[in-house]
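Undergrad: I'd like to ask you about the structure that follows.
Please treat every number below as a calculation from the coordinates, not as lab data. Here the structure is a predicted model, which means the values were calculated and not measured. Every residue, glycine among them, receives a Cβ derived from its backbone with ideal geometry; neighbour counts consider all protein chains shown.
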Amino acid sequence: MRILGIESSCDETAAAIVEASSDKKDSRRLSFSVLSSVVASQVETHAKTGGVVPEVAARAHLEAIIPVIQQSICEAGFQSVPPIDAIAVTSGPGLVTSLRVGVDTARLLSYAWKKPLVAVNHLEGHVYANWLENFKKIEFPILVLIVSGGHTELVLMRKHLDYQIIGATRDDAAGEAFDKVAKLLKLAYPGGPAVSRLATNGNPLAIKFPRPMIDSDDFDFSFAGLKTAVLYHAKKIINLTPKIKADICASFEQAAVEVLVKKTIRAANKFKVKTVLLGGGVSANTHLRRELELACQKLRFNYRSPEIKFTGDNAAMIAAAGAVHALANDFISWQKIDVNPNLSL
Ligand code: KG4
Ligand code: ZN
């Protein structure tokens, strides 16, 4: 089965063509081959304002979407009407005007090309980014730690497309905390990569920042207090030299990663999962990837994280999740599909 994926939930316009197949003996075993994956990033535009302005993002999506789809078709080796079986598009969560561009383009193509349509939750895209590599070794039950700019969730999966949220952030998302720390230290935009880059030159033990909710009985998170602690600490320092900033970044990153890893491992033990997966933009963070991997190795959980190129928003992950829906015959008509900015798993 060949799927065209379309993603426009925030500030990346993306299209991809992915070939999906399921094992004849075991239909839960899926394999994906990415024929093309094109991402047009709006980072340079939003860097000027230090954040995403929804109206500006929507206009940029409108300009980019057709060329990006065209390029994904071309790079997959096809012509104007590609030989695909379905079109998968992100219908939420995200910015409503950004989502609208992808969904309206997908429904138009579905109508014009007479191809079935699949609505995909952006977060399940981040989950299925893990299947774009190492697909054979992913065994259920699975625990996924989703860490992005808008979400921090622990999700239990007993089978494909079956999501039970067992924990979530009560305030800021992990990526949001990285972005806010970058802003208060006047680092480059986007903040997460800037903080983690600078952290590599710093001492993670220099400042003992709080580890909010690390020992709470539930699997929820809270990052607002940690961000505020960084703010108060930075405010006390008159001259924020690069070395001091590096120590702040490393100590902040250490605190955030410790909480994420500890709670994920506790949940993995409690729910007796076989595999732990990581997903979302923050899964590009080297320290988080390494620490979670080490913790999983110690307790013999299988551990997978997406290839770096599939950690941020992309359409290959949307096509992969869309293929799983399509294999389960879960389609939606172009008349019925709608956007939902607050869609949950
Ligand atoms: O998944 P994503 O691309 O967009 C959303 O769905 O939100 O995630 C973006 C988030 C941003 O907050 C960004 O700063 C963060 O992921 N991020 C990182 C790193 N790379 C991206 N955070 C920490 N370390 C990184 N290396
Ligand atoms: Zn995302």
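Undergrad: Which value at 222 nm does the chain reach when only helices count, each DSSP H run of 4 or more adding -39,500 (n - 2.57), with the total divided by all residues and rounded to the nearest 500 deg cm²/dmol?
TA: -13000 deg cm²/dmol
Undergrad: For a quick size check, give me the Cα extents of the stretch 81-229 along its three principal axes, largest first, whole Å.
TA: Each principal axis gives a Cα extent; for the stretch 81-229 these are 59, 37, 28 Å.
Undergrad: Pop out the ³J(HN,Hα) list for the stretch 85-91 in order, Karplus 6.51 cos²θ - 1.76 cosθ + 1.60 with θ = phi - 60°, rounded to Hz; leave Gly and Pro as x.
TA: Result, rounded to whole Hz: 9, 7, 10, 10, 9, 6, 10.
Undergrad: Run through all the Cα pairs of the stretch 1-146 and give the fraction in each 5 Å bin from 0, expressed as whole percent.
TA: 2, 10, 18, 21, 19, 15, 9, 5, 1, 0, 0
Undergrad: Give me the percent of DSSP beta bridges within the chain that run antiparallel, rounded to the nearest 5.
TA: 60 percent
Undergrad: Just to be sure I follow: if Rg is taken over the C-alpha atoms of the chain and Rh is the Kirkwood radius over the same atoms, what is Rg/Rh?
TA: Ratio of gyration radius to Kirkwood radius: 0.98.
Undergrad: Also, quick follow-up: Using the Karplus equation 6.51 cos²θ - 1.76 cosθ + 1.60 (θ = phi - 60°), what ³J(HN,Hα) coupling, rounded to whole Hz, does each residue of the stretch 197-206 give in order, writing x for Gly and Pro?
TA: Couplings: 5, 5, 4, 5, 9, x, 9, x, 9, 5 Hz.
Undergrad: Going by a ≥ b ≥ c, the root eigenvalues of the Cα gyration tensor, does the stretch 153-237 fall in the rounded group (a/c under 1.5), the prolate group (a/b larger than b/c) or the oblate group?
TA: Note, shape of the stretch 153-237 comes out prolate.
Undergrad: If you plug each phi of the stretch 232-239 into the Karplus form 6.51 cos²θ - 1.76 cosθ + 1.60 with θ = phi - 60°, what whole-Hz ³J(HN,Hα) values come out, in order, with x for Gly and Pro?
TA: Working through the residues one at a time gives 5, 4, 5, 5, 6, 9, 6, 10 Hz.
Undergrad: Ok, one more. Arrange 271, 301 by Cβ neighbour counts within 10 Å, fewest through most, would you?
TA: Ranked by crowding around the Cβ, least crowded first: 271, 301.
Undergrad: Using the Cα gyration tensor of the stretch 80-133, with a ≥ b ≥ c the square roots of its eigenvalues, what is the shape: rounded (a/c below 1.5), prolate (a/b larger than b/c) or oblate (neither)?
TA: oblate
Undergrad: Most fluctuating residue of 41, 22, 110 in a GNM of the chain with Cα springs under 10 Å: which is it?
TA: Fluctuation is largest for 22.
Undergrad: Roughly speaking, what is the centre-to-centre gap between the stretch 246-264 and the stretch 25-104 when only Cα atoms are used, to the nearest Å?
TA: If we compute the Cα centre of each part, the gap is 32 Å.
Undergrad: Let me ask something additional. Using modelled backbone amide H atoms (1.01 Å from N, in-plane), which distant-in-sequence or interchain residues come within less than 5 Å of residue 167's amide H?
TA: Placed amide hydrogens put 154 under 5 Å from residue 167.
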